[in-house]
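All remarks here apply to the structure that follows.
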Amino acid sequence: MSELRGWLLDLYPVAGSGMVLWLIGEDGMRRRLVQDFSAVFYAAGAAAQLRALWRWLQANPVPVRLSRTRRRDIFQPHPVDLMSIEVIEGASQERLFHEVSQIFPSLTYYDADIRPALRHAAAHGTFPLCRCQVGLGADGKVSRILPLDTPWEIDPLPPPLRILTIQPETDPRRGEPSALVVRFQQQNWRFDMQPPRALLVNLRAVLERCDPDLLLTDWGDGWLLPRLVELSKEGNIPLPLNRDPQMEIQVLPARSYSTYGQVIYRDQQMLLFGRCHIDSFNAMLFHDYGLSGVYEMGRVSRLPLQLAARLSPGSGISAMQIVKALELGILVPWHKQQAEFPKTTWQMIRSDQGGMVYQPLTGIHANVAEIDFMSMYPSIMVHCNISPETTKPARKPGEADQPEAEEEAGLIPQTLAPLLEKRLELKRRLADMPTWDPRRRIYKTQASAHKWLLVTCFGYMGYRNARFGRIEAHEAVTAYGREALLRAKEAAEDLGFTVLHMYVDGLWVQRQGADKPADFQPLLEEITERTGLPISLEGIYHWVTFLPSRQDERVPVPNRYFGVFQDGSLKVRGIELRRRDTPAWVAETQLELMELLAKCTDPMQLPQRLPAAITLLQNRLADLRHHRVPLDQLVVSQKLSRPLAEYTSRSPAARCAAQLQALGRETRPGQVMRFLYTLGEPGVHCWDLPSPADPASLDIPRYTTLLLRAASTILSPLGMDEGTLRGWVISRSGYLASPQADPSRRGETLPLLQASYSIPK
DNA sequence: TACAGTCGGGG
DNA sequence: GTGTACGACTGTA
């Protein structure tokens, strides 16, 4: 018997061995350990069917232990009688269950389709990068594994990961790259793709010498690793991408799926064994989190790092619920993928009640505080103990906040509570941490990873295919959310504030003489008192402007606004800058305009910035006309929403896809098309074509309009609508003009424009 | 002018 | 193999 200490990098079942665990030892050694692994699943149903299943399993060569038991199904009022099937060789469970479900389709199954890593997490308290102590038996197998920390640790001892980075020198979407750039610690290499033999030999040497734990790539899933594997096979030169020589790289195919009201395209995935491959361009939100966010996702969701890096948030929260259910002995329903049926009218009416949305007072407002409920929906689920099993179907709005005193916390609140608590603790620490502290960045990425999990937990509960979903629970949450916002509004008005706007989980309030955090503190306390939910001061704006609709300027729109906080930072929602399909040149200019205005802390002085704004726009447009704007700054990205043939009118993205298809390059729904607007037909030039765009064909009038439109969004509160702005920036002849440059306009000054203010005296 | 197509949100 | 529904806005026919 010997003991090891270290960090758990990865684990997976292997037929014939059990669970393989990769441990990074405190001594720096990387060890492949093996642990016995059995997997239990359950069947319930008619006695005759269960007897038949029992006989079938006993005659089947896969060794199992069978018994009878009872357990709780949260969707049933009483514990369920079950047949327990323990598959001795856990690696065979998936295949055995598949067969059983085909032969006995009328039985109900539980705990049947659970990832082995989650079973291990529930049984041993393990998780990716968990620091642990491992006991080895005389046979060399793991006899005991003892976690030394939990996913809720704020400052875990960081695992000493060895990271190898491989990037193609150019974007593979725009043509075959000719070289790879490879980095490890302080070392850099550049390897030509040709000849393949030299490339493979060099890479092999690097892999063997560095023996990385993490392979971090650009385009590794869709291009790099598939290409390397192909070259390695063709040239018959083995490349040890896997650390575990007994395993083959696992390829998960590309897919398009529909979620969140839109189509998502996921590229294929290349999963390694014994080390983790993370493609920073295929990892969901990698650019938001960075690596430390991926580690955090893995730790709290318990999903292996390679999966955590690419997971869509729904699967993260689902994994957490499954582990919690296993820990509590609650049955995990089999996740049958149901066909999506269109919702009935009745369901449409029911789901109609979403978050509270208010009409803001348009115009420019000074000294406004924005206060937001912190993780509102998850906080409600915990505060009101809302879970599929605790929710009574006919609960009315306003009644949801009275949990029965003795009611035990439900599955969802128990899953969320530690996550919420950790997030609050991170926020508390961030609040009084100096800006230079290097831990800030880590805490921030952790908190934003949690944010995702928390936000999606709510949406997921209303999702018909969720294992622990229940529409009534979903509705109870939104009902309480609306109620809480209304109570917050009452509290604000009782304390003498004017409520300018409310949006789902935040409100904007103003009061004469209130301009520092302490002025709003009593309101925060009063709201928490009245709602039971934590709320915080997002910030105090020097000024903020809520924009009206472009279609009809009399109509305010709830989520188009921008403003400057007292710390100088900008907050922007809903406008061009925030849209993925706005070219960088337009977005950057719009941001510059806002920064120009942000120099004014007193909104009454904003009109004084107009001449500078107009000069800026004239300069940008002169850049455009004289082809001084780099073409990549003008690229527009749009997503394909459907197969090309299904378009009735071809969007620019569809026409871009047609250009790719003409060259035999397949496109799929959800894929992002990148293109330039060009003159004539078809009006776009695909950015990822081998032939570069001719700068002379650039649709300059179109880009001019895009820029002026974005600029008018920013300047319209000062009375500058798009037409007026165009007149000031461009003369009738189409050339850039200004009163200074155009003799006929010399002496003209900006007219007095009607700006709309609401400033408390 | 009507309608088809794309986007945001939370950070 | 996992988020809903909807309104704002733009471009096309």
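A compact table of results
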read-out: Cα-based Rg of chain A normalised by 2.2 N^0.38 Å, two decimals; value: 1.08
read-out: Ranked A:Asp113, A:Asp581, A:Asp432, criterion: other C-beta atoms within 10 Å, fewest first; value: A:Asp432, A:Asp581, A:Asp113
read-out: For chain A, calculated [θ]222 nm from helices alone, where every DSSP H run of n ≥ 4 adds -39500 (n - 2.57); value: -11000 deg cm²/dmol
read-out: Once exposed loop GluC sites (Glu not before Pro) are cut out (DSSP; at most 15 other Cβ, 10 Å), longest piece of chain A; value: A:409-552
read-out: Chain A: angle of helix A:47-59 to the longest principal axis, Cα-based, in degrees nearest 10; value: 70
read-out: The stretch A:408-472 versus the stretch A:507-563: alpha-carbon centroid distance in Å; value: 23
read-out: 5 Å binning of all Cα-Cα separations within the stretch A:202-256, expressed as whole percents from 0 upward; value: 4, 16, 25, 32, 16, 4, 2, 0
read-out: Net length gained if the chain between A:Arg71 and A:Ala518 were fully extended (0.36 nm per residue, minus Cα distance); value: 155.7 nm
read-out: The stretch A:517-650 shape via C-alpha gyration tensor axes, a/c threshold 1.5; value: oblate
read-out: Acute angle (nearest 10 degrees) that the helix A:411-431 long axis makes with the longest principal axis of chain A, alpha-carbon atoms; value: 50
read-out: A:Asp623-A:Gln102 FRET efficiency (beta carbon distance; Förster radius 45 Å; 0.05 resolution); value: 0.10
read-out: Residue exposure sequence - A:Thr498, A:Thr713 - by fewest surrounding Cβ within 10 Å; value: A:Thr498, A:Thr713
read-out: Rg and Dmax [Cα atoms of the stretch A:611-745; Å; Rg one decimal, Dmax integer]; value: 17.8, 56
read-out: Cα pair distances in the stretch A:472-522, grouped into 10 Å bins until the bin that holds the longest one, percent each; value: 24, 47, 21, 8, 1
read-out: Members of A:Lys324/A:Lys422; A:Lys444/A:Lys489; A:Lys516/A:Lys599; A:Lys427/A:Lys451; A:Lys427/A:Lys599; A:Lys444/A:Lys639 lying beyond 21 Å, as alpha-carbon distances in this model show; value: A:Lys444/A:Lys489; A:Lys427/A:Lys599; A:Lys444/A:Lys639
read-out: Normalised per residue, the volume of the convex hull around the Cα set of the stretch A:163-312 (Å³); value: 123
read-out: Chymotrypsin sites (Phe, Trp or Tyr not before Pro) within the stretch A:421-512, DSSP loop, no more than 14 other Cβ atoms inside 10 Å; value: A:Trp436
read-out: For q = 0.27 Å⁻¹, Debye-computed log10 I/I(0) when each Cα of the stretch A:550-591 counts as one equal scatterer; value: -1.00
read-out: Fewest-first sequence of A:Ser641, A:Ser2, A:Ser84, A:Ser716 by Cβ atoms within 10 Å of each Cβ; value: A:Ser2, A:Ser641, A:Ser84, A:Ser716
read-out: Helix axis angle, A:225-235 relative to chain A longest principal axis, alpha carbon, degrees; value: 60
read-out: Extended-chain gain in nm, criterion 0.36 nm per residue less alpha-carbon gap, A:Glu407 and A:Tyr463; value: 17.6 nm
read-out: Label-to-label distance, nm, for residues given as A:Arg209 and A:Glu529 (7 Å Cα→Cβ offset); value: 6.8
read-out: All Cα pairs of the stretch A:349-574, percent lying beyond 21 Å; value: 60
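Every number here is computed from the coordinates shown, using simple stated rules; none is lab data. Please read these numbers as outputs of a predicted model, since none were measured by experiment. All Cβ positions, glycine included, derive from the backbone under ideal geometry; neighbour counts span all protein chains shown.
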